[in-house]
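To start, the structure itself, in structure tokens.
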Amino acid sequence: AAASVGAAAGGAARASSDPAFAEIQPWMQELGDPVDAAPYGMPSEFEAHVQRKTVYWLTADPISSINFTPLHELDGIITPNGLCFERHHSGAAHVDPALHRLMINGLVDRELVFTMEDLMRFPRENHVYFLECAANSGMEWRGSQLNGCQFTHGMIHNVMYTGIPLRLLLAEAGIQTAGKWLLAEGADAAGMTRSIPMEKALDDCLVAFKMNGEALRVEQGYPLRLVVPGWEGNMWVKWLRRLEVGDEPWHHREETSKYTDLLADGKARRFTWEMDAKSVITNPSPQAPLTHGAGPTVLSGLAWSGRGTIPRVDVTLDGGKNWHQARMSGPSLSKSMHRFYFEFDWNGQPLLLQSRAHDSTGYVQPTKNALRELRGTNSIYHNNGIQTWHVKKTGEAENVEVS
Amino acid sequence: AAASVGAAAGGAARASSDPAFAEIQPWMQELGDPVDAAPYGMPSEFEAHVQRKTVYWLTADPISSINFTPLHELDGIITPNGLCFERHHSGAAHVDPALHRLMINGLVDRELVFTMEDLMRFPRENHVYFLECAANSGMEWRGSQLNGCQFTHGMIHNVMYTGIPLRLLLAEAGIQTAGKWLLAEGADAAGMTRSIPMEKALDDCLVAFKMNGEALRVEQGYPLRLVVPGWEGNMWVKWLRRLEVGDEPWHHREETSKYTDLLADGKARRFTWEMDAKSVITNPSPQAPLTHGAGPTVLSGLAWSGRGTIPRVDVTLDGGKNWHQARMSGPSLSKSMHRFYFEFDWNGQPLLLQSRAHDSTGYVQPTKNALRELRGTNSIYHNNGIQTWHVKKTGEAENVEVS
Amino acid sequence: QDAAEAPEGGFGLGREATTEEVAMWDIDIRPDGKGLPVGSGSVELGEEIWSYNCAHCHGDFAEGIDRWPVLAGGEGTLSDDRPVKTIGSYWPYLSTVYDYVYRAMPFGYSQSLSPDDVYAITAYLLYSNYIVEDDFVLSNENFSEIAMPNEENFFMDDRAETELPQFTAEPCMTDCKEQVEITAHATVLDVTPEDGGEGGGGGID
Amino acid sequence: QDAAEAPEGGFGLGREATTEEVAMWDIDIRPDGKGLPVGSGSVELGEEIWSYNCAHCHGDFAEGIDRWPVLAGGEGTLSDDRPVKTIGSYWPYLSTVYDYVYRAMPFGYSQSLSPDDVYAITAYLLYSNYIVEDDFVLSNENFSEIAMPNEENFFMDDRAETELPQFTAEPCMTDCKEQVEITAHATVLDVTPEDGGEGGGGGID
Ligand code: HEC
Ligand code: HEC
Ligand SMILES: [Ca+2]
Ligand SMILES: [Ca+2]
Ligand SMILES: [Ca+2]
Ligand SMILES: [Ca+2]
Ligand SMILES: [Ca+2]
Ligand SMILES: [Ca+2]
Ligand SMILES: [Co+2]
Ligand SMILES: [Co+2]
């Protein structure tokens, strides 16, 4: 259906040195995709590089391993489901929801079994929470190692969950007086288990079935996951199949061999559940250098705390000599990620960038060295120290530590 | 690596009439997916039915058409990007961001051209907003027509946007005193245009580049879309390429032939921008019947207003004889969807379900008949009348109207 | 949260657009004629261009084929049960025709028509709608003289005055009605997509 | 937002679990022996089962092959620069071995071992860690008598007392340091995934 009568329009005016003006772009002349092209949509082909990435040398096998959220490619506070980092210990289990059950047993008045349909009849709540692996930044204990916030800080995501308050399910079974602990167990081939004190279970835990509006993803525990707000990600048992009420903790593998924090003197902290306040500058960062030269520059980052909200983040451009309060942006929700920005006029000289989170309890994110002084460098877990990026004149950024 | 020595465990105890207990499920014995299986993840194979759907008879061609968000399959307030309904007038344009420009021209001190990289140097904000097509529920003006809230109410989504306040971009160009209107223009083959009064442009509009944390999807205007909070979706120009400041509105096709509201007397309202407060019960609904019989039942739905928040939603089970206040759940944000629940003990008898939204200005969602009395049935757009579902004894639900 | 702010004097980002770049992209037309290029076209030439480029969707007389838009006719139907909204019966301004045809038509080859082509097509669409005679020639000179029949019937959104007061009353919560009857069923119209029905009610245009 | 609440007396949802169903799923073991099935197994039988089912990953002597977990050795290394955390050197309770091996091992065929198999493997792992002699037989009867060497070195999270006071001071904002030197570079360790490096620093276990 070309215009066969009449000359092509505006030929004379097409004078510009910018290739964007060289011609009418094809997408402005030709028809695009119909509405039945993608019943479930995917990102643009121009965003194919925005991916979860794994680091093969971290684990023996990609089946019991981890991949990382590309924090430097994201903005705001919601992590899209397709980019939420994965950590599983025997692979991501594909559970048939029709054959999935949740059992409550142990020190309860009635041992119960629920189908998914039963669970859909309990009242639900909706909350945005971050989930951070206790090992996030764990590779950095001995010194800066990985060049990119995806790798140094990408074992985290922030999602709106829909779920049943755990206390309602436990009340349905009737907790006996001696019941002070809860064992949560997954239906994957790791049969993942963690002990949770009853106080937390009755406080803000959820048995969630939706994330960011839709069903949980397979790799996030479809069809059912425990949500343990502010506490380390390993406790958020995926493919949740069983809750046992007991009088003592279980001291299972993931709370003894793993997820205990070995200190310098050979002693180890157990049950280090809460995630301390933490922040990271996502842009600029090693995977997201400054490419525009001197002038107006947007610095952006994320901050979170397992103890509440983040009313304030400080940013330094000179490695900690002087600090500036960042601008917080987006909803400020308890135990959720917060987005911060610091806009500045870059003079084109090298920068030593750091961010420092303050949480609503008054806790201020410490330096890595302050943590090392208290804990040594063998703890693997719970490294919430301040991260430094060295931005060079070229705009490239490197993971460094400073005096 | 099977256990070749020793007998299989626990054989004796496997006595249950529930097939879930017939055997150890394969996903609890065999390894699942490795962490490099899906660099960008997709929903479970058991959720394949959760899709955007189109209605072929609505338009001449699926290229200038619409598909609908499956509201009855979602929960909470965030719409996942892959399920956000689509409406485009010449197909979804695949725009190369390297060749995309934003021009500001007209009554400004400096006519400007921005690359995407230039735009990334402006300050950003993050907000959750609903986007509703003015034609949402438009097929219901003459009477209940479509059996499913996906079709009656699914031209809406709710997303966290990251974008540049439009006022900052306009200030950069310098608005002249005579500049009272803004034309926003898209780079698709429809060259979509809408006139926006300057007051709104300087208030809360954003030029957005991210949705729910990641880049805009192609069908939502990648790489740049205008966000016009609370106002009809057609104004949220996608693939945004140009902003012209002028002294008068443009009266273009999408604000004359379309998106004007024809009243019974043949007169038509123009510039009906604001979306009135509205709500719908998403569950139960025709596509999501009650399958569990009498007893505890979760009724759920969504409410929103272009004028503010939704402090309250009322629900009736008997077609409007008696109303009950629903429980609001999740963050209450201005010009965002709100989730409500009403838990009740279903007696197994037929129900006539309705919901009624109250917004923060005191506006109360009207009945369809109240709207028809004021507007007739030819308006196509802005049908925010109360929706009725008739739930039968079987739990099936039908789209009906009541006296 | 804090609002994003601009420094005194702005950011100095972006670059000035060249006159040529603005000319290339600034394609919009307004009712007062602002934006119209120099040019002209006759109903006669318009009919010829139309038959090659437009008629296979919109019909020889702009009457619409299958479900493709109807562009002519419908006068006096706006308060009918099934109003027919066309350029002649509904559109308030002629500039919208020129603007839209150049930016969006023919469907699949936007911005391919010359100014003279568009003047001619616009003249032909006026003729199809009985607004001009068959010897009419439209140009940037006489464009603003054409008044569209339905212009007066558009008015600014008045919901704030005509609806909001009525819709802000505190509603009844208990014993609000004696009887409730079902007055309409979706299953009677029977057009739910799953059923493969061809549709009975109005579309969304 | 309002909190979700339960009605007086609960919802009555779900069904009672049968004794058999609970027995089938209630596989967890606790340090006090709760959960242990009746059974027993010798170091000798354990070695045989181990060599068929475990040794190709964890090594003949539980010393670990390639990057697969090391399960024996490492005594006295916990305060070293590179501590070796094994069942013998680190794990506080024997019950964890029994529980974990049954629920998660062998990798790829979980819950396939019989109680006697697991007792035997557990006995073998105690032997590999020099905690029992080669003629030892482990059973539900003597299980709780085994104390693990490192149990005393675990203590409850004390950050609230040892760290929080120090980390809640108002921090310096201006002129906080005279000099700033870079003390470590990621590029020196050179293990960023893009580079295909084989890794230098610690893994995440
Ligand atoms: C291949 C089919 C096709 C061809 C050829 C075509 N059109 Fe269209 N036309 C459409 C469609 C589809 C729409 C509606 C687009 C939308 O939904 O926004 C439309 C809309 C229009 C409208 C607006 C109708 C309204 O009520 O708002 C006008 C005016 C128009 N076309 C004129 C033309 C002219 C002039 C030509 C030839 C130069 C042309 N069309 C060629 C398919 C076509
Ligand atoms: C195919 C390889 C493979 C085989 C065979 C295997 N394992 Fe493992 N084992 C692993 C992996 C991988 C892990 C770590 C899993 C994780 O990351 O959670 C592991 C972990 C363990 C651990 C915990 C280690 C720690 O430090 O926390 C024990 C104990 C163990 N295996 C015992 C066994 C026993 C007993 C068998 C045989 C019955 C066995 N394994 C067979 C791969 C294997
Ligand atoms: Ca213009
Ligand atoms: Ca039509
Ligand atoms: Ca039907
Ligand atoms: Ca137990
Ligand atoms: Ca190891
Ligand atoms: Ca390198
Ligand atoms: Co911990
Ligand atoms: Co409108």
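The values are calculated or read from the model by the stated rules, or taken from the named source; none is laboratory data. Since the structure is predicted, the reported quantities are computational estimates derived from the model, not experimental observations. As a convention, Cβ positions derive from the backbone with ideal geometry for all residues, glycine included, and neighbour counts pool all protein chains shown.
Exactly one residue out of B:TRP304, B:TRP250, B:TRP346 is in contact with a strand residue (DSSP E or B) (Cβ under 6 Å, 6 or more places away or on another chain) and under 30 Å from B:ARG110 (Cα atoms), and it is B:TRP250.
Restricting A:ASN322, A:ASN378, A:ASN383 to residues that are more than 14 Å from chain B (Cβ to nearest Cβ) and free of Cβ contacts under 8 Å to residues at least 24 places away in the same chain narrows the list to A:ASN322. Suppose we filter C:VAL132, C:VAL118, C:VAL97 for residues that are in a loop (DSSP other than H, G, I, E, B) and either crowded, with 24+ Cβ neighbours inside 10 Å or more than 13 Å from chain B (Cβ to nearest Cβ) (or both); which single one remains? Exactly one residue qualifies, and that residue is C:VAL132. The set of residues in segment D:178-204 being at pLDDT 60 or above, in a loop (DSSP other than H, G, I, E, B) and exposed (fewer than 15 other Cβ atoms within 10 Å of the Cβ) consists of D:GLU178, D:GLN179, D:GLU181. Specify the residue that is farthest from B:PHE340 (Cα to Cα); the eligible residues are those in segment D:3-36 that are at pLDDT below 95 and either aliphatic (A, V, I, L, M) or in contact with a Phe, Trp or Tyr (Cβ under 9 Å, 6 or more places away or on another chain) (or both). It comes out as D:ALA6.
So, A:ARG101, is that one more than 16 Å from ligand 2 (Cβ to nearest atom), under 27 Å from D:GLY35 (Cβ atoms) and at the interface with chain B (Cβ under 7 Å from one of its Cβ atoms) or not?
Numbers: more than 16 Å from ligand 2 (Cβ to nearest atom): yes; under 27 Å from D:GLY35 (Cβ atoms): yes; at the interface with chain B (Cβ under 7 Å from one of its Cβ atoms): yes.
Taking the combined requirement at face value, the residue satisfies it.
Could you please let me know if A:GLY230 is more than 16 Å from ligand 6 (Cβ to nearest atom), assigned by TED's automatic domain parsing to the domain that holds A:THR361 and surrounded by fewer than 24 Cβ atoms within 10 Å (Cβ to Cβ)? No; evaluated as a whole, the condition is false for this residue. Do the conditions hold for B:ALA98, that is, is it without any contact (Cβ under 8 Å) to a residue 60 or more places away in the chain and under 30 Å from C:GLY10 (Cβ atoms)? In short, yes.
Quick check: is even one residue across segment B:195-202 closer than 18 Å to B:LEU119 by Cα, within 18 Å of the chain's Cα centre (by Cα), modelled with pLDDT of 95 or more and not in a strand (DSSP E or B)? No, segment B:195-202 has no match at all. Looking across A:LEU168, A:LEU131, A:LEU146, one residue alone is closer than 30 Å to B:TRP346 by Cβ, of a type in the set (A, V, I, L, M) and either outside any strand (DSSP E or B) or under 17 Å from the mean Cα position of the chain (by Cα) (or both). It is A:LEU168. Selection over segment A:156-179 of residues that are touching a Lys or Arg at 6+ places or on another chain (Cβ under 7 Å) and of a type in the set (A, V, I, L, M) gives a count of 2.
Residues are listed down the side, and each one gets a yes or a no for (1) facing another protein chain (nearest Cβ under 10 Å); (2) over 30 Å from A:ALA22 (Cβ atoms); (3) within 16 Å of ligand 4 (Cβ to nearest atom):
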residue	(1), (2), (3)
C:SER40	no, no, no
C:ASP60	no, yes, no
C:GLY64	yes, yes, yes
C:TRP68	yes, yes, yes
C:LEU78	yes, yes, yes
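Report yes if some residue within segment A:211-231 is under 21 Å from A:ARG110 (Cβ atoms), touching a Lys or Arg at 6+ places or on another chain (Cβ under 9 Å) and either among the basic types (Lys, Arg) or more than 9 Å from every other protein chain (Cβ to nearest Cβ) (or both); otherwise report no. Break it down into steps so the answer makes sense when it comes.
We begin by selecting, within segment A:211-231, every residue under 21 Å from A:ARG110 (Cβ atoms); these are A:224, A:226.
Within this subset, residues satisfying the condition of being touching a Lys or Arg at 6+ places or on another chain (Cβ under 9 Å) are A:224, A:226.
Next, from what is left, pick out any that are either among the basic types (Lys, Arg) or more than 9 Å from every other protein chain (Cβ to nearest Cβ) (or both): A:224, A:226.
Yes, segment A:211-231 contains at least one residue that is under 21 Å from A:ARG110 (Cβ atoms), touching a Lys or Arg at 6+ places or on another chain (Cβ under 9 Å) and either among the basic types (Lys, Arg) or more than 9 Å from every other protein chain (Cβ to nearest Cβ) (or both).
Would you check if there is a residue in segment B:332-343 being touching a Lys or Arg at 6+ places or on another chain (Cβ under 6 Å), modelled with pLDDT of 95 or more and not in a strand (DSSP E or B)?
Just the residues of segment B:332-343 that are touching a Lys or Arg at 6+ places or on another chain (Cβ under 6 Å), to begin with: B:341.
From the residues that got through so far, the ones that are modelled with pLDDT of 95 or more too are B:341.
If we keep only those that are not in a strand (DSSP E or B) too, we end up with none.
No.
Applying the set (1) crowded, with 17+ Cβ neighbours inside 10 Å; (2) over 24 Å from the mean Cα position of the chain (by Cα) to C:LEU45 leaves exactly one unmet item: (2).
Residues of segment B:50-69 that are of a type in the set (A, V, I, L, M, F, W, C) and within 7 Å of another protein chain (Cβ to nearest Cβ): B:VAL50, B:VAL55, B:TRP57, B:LEU58, B:ALA60, B:ILE63, B:ILE66.
Counting only residues that are within 14 Å of ligand 7 (Cβ to nearest atom) and either of a type outside the set (S, T, N, Q) or assigned to a strand (DSSP E or B) (or both), how many does segment D:34-79 have?
Taking segment D:34-79 first, the residues within 14 Å of ligand 7 (Cβ to nearest atom) are D:57-59, D:62-74, D:77-78.
Subset that is either of a type outside the set (S, T, N, Q) or assigned to a strand (DSSP E or B) (or both): D:57-59, D:62-74, D:78.
Here the count works out to 17.
Would you be able to say whether some residue in segment A:321-339 is of a type in the set (A, V, I, L, M, F, W, C), away from ligand 2 (no atom under 16 Å from the Cβ) and buried (at least 23 other Cβ atoms within 10 Å of the Cβ)? Yes, segment A:321-339 contains a residue that is of a type in the set (A, V, I, L, M, F, W, C), away from ligand 2 (no atom under 16 Å from the Cβ) and buried (at least 23 other Cβ atoms within 10 Å of the Cβ).
Listed conditions (1) among the polar types (S, T, N, Q); (2) within 30 Å of A:ASP203 (Cβ to Cβ); (3) touching a strand residue (DSSP E or B) at 6+ places or on another chain (Cβ under 8 Å) are all met by A:GLN325, apart from (2). Among the residues of segment D:10-32, are any more than 9 Å from chain A (Cβ to nearest Cβ) and assigned to a loop (DSSP other than H, G, I, E, B)? Within segment D:10-32, none of the residues are more than 9 Å from chain A (Cβ to nearest Cβ) and assigned to a loop (DSSP other than H, G, I, E, B).
Go through segment B:16-32 and report how many residues are assigned to a loop (DSSP other than H, G, I, E, B) and among the aliphatic types (A, V, I, L, M).
Filtering segment B:16-32 down to residues assigned to a loop (DSSP other than H, G, I, E, B) leaves B:16-18, B:22-25, B:29-32.
Right, trim to among the aliphatic types (A, V, I, L, M) and you get B:22, B:24, B:31.
Summing the residues that are assigned to a loop (DSSP other than H, G, I, E, B) and among the aliphatic types (A, V, I, L, M) in segment B:16-32 gives 3.
The residue of segment D:55-92 that is farthest from A:HIS252 (Cα to Cα), among those that are small (Gly, Ala, Ser) and in contact with a Ser or Thr (Cβ under 8 Å, 6 or more places away or on another chain), is D:GLY76. Note on segment A:104-127: residues that are within 7 Å of another protein chain (Cβ to nearest Cβ) and part of a loop (DSSP other than H, G, I, E, B) amount to 7.
The residues on offer are A:ALA189, A:ALA184, and the sole one that is in contact with a helix residue (DSSP H, G or I) (Cβ under 9 Å, 6 or more places away or on another chain) and part of a loop (DSSP other than H, G, I, E, B) is A:ALA189.
In the set (1) under 26 Å from A:ASN158 (Cβ atoms); (2) free of Cβ contacts under 8 Å to residues at least 12 places away in the same chain; (3) of a type in the set (D, E, K, R), the condition left unmet by A:GLU373 is number (1).
From B:LEU290, B:LEU317, grab the single residue that is touching a residue at least 24 places away in the same chain (Cβ under 8 Å), in contact with a Leu (Cβ under 6 Å, 6 or more places away or on another chain) and farther than 18 Å from A:GLU125 by Cα. Break it down stepwise before answering.
On the way: B:LEU290 fails: in contact with a Leu (Cβ under 6 Å, 6 or more places away or on another chain).
Unique residue meeting the criteria: B:LEU317.
If you go through segment A:113-128 and keep only what is buried (at least 23 other Cβ atoms within 10 Å of the Cβ) and closer than 19 Å to A:ALA184 by Cα, you end up with A:VAL113, A:PHE114. Scanning segment A:257-303 for residues that are charged (D, E, K, R) and within 18 Å of the chain's Cα centre (by Cα) yields a count of 3.
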